[in-house]
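For reference, the structure discussed in these notes is given below.
FYI, it's all coordinate maths here, none of it is from the lab. Keep in mind that what you see is a predicted model, and the values were worked out from it rather than measured. Because the Cβ atoms are built from the backbone with ideal geometry, glycine has one as well, and the counts that use them run over all protein chains shown.
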Amino acid sequence: MAVRICVVACALFLGMCILTNGGPSDTTHAFCKIVWLFGFPCDKVSMAILTQIKAMGSYKLGPVTSALIQANHTSAIGQIETVNFTMISTASGQGCHVDGSSVSAFWFSLFDNGTNYCNLHNVIQGSGLTKAPGFTEFTNEWLCLGVGVAACK
């Protein structure tokens, strides 16, 4: 029975990894992966995310393209996380699929109490995208360590 549960759990984890960029995460660091769906074009989503990151003092913007926004987040205690938002237009071009990820730089931050989730959530919420037509968020504790205990400010 325990072997069957382990096999099912591994299959679910692998499936979610494949859905969010094709491979498992580096599990020696705290991380979070989230998939969002929005009911309007990616250029508008990208602009909202970019504007919000620029407005938040704890983020340092990295490379930006039409499909990818990269930044580093520095927490109040000086911990650094790498944050990425990847935009993919839906087939009709009327919607946007966004893959978000946040990974802590230090190996000892494996249990971050939702910090990486909040890095992503705060940008999306602050940008107003949580109220956008078609907004849907997909994540779980397997993809986003600490999401269940996150207390985002």
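So how much slack lies between TRP142 and THR51, counting 0.36 nm per residue of separation and subtracting their Cα-Cα distance, in nm? The partial results should precede the final answer.
Values: separation 91, 0.36 × 91 = 32.76 nm, distance 2.96 nm.
In short, 29.8 nm is gained.
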Q. Taking the Cβ of ILE88 as the center, what net charge do the other residues with Cβ under 15 Å away carry, scoring Lys and Arg +1 and Asp and Glu -1?
A. 0
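Kindly provide the Kirkwood hydrodynamic radius of the stretch 28-149 in Å, to one decimal, from all pairs of distinct alpha carbon atoms.
Details: mean 1/r = 0.0698 Å⁻¹.
Hydrodynamic radius (Kirkwood, Cα pairs) of the stretch 28-149 is 14.3 Å.
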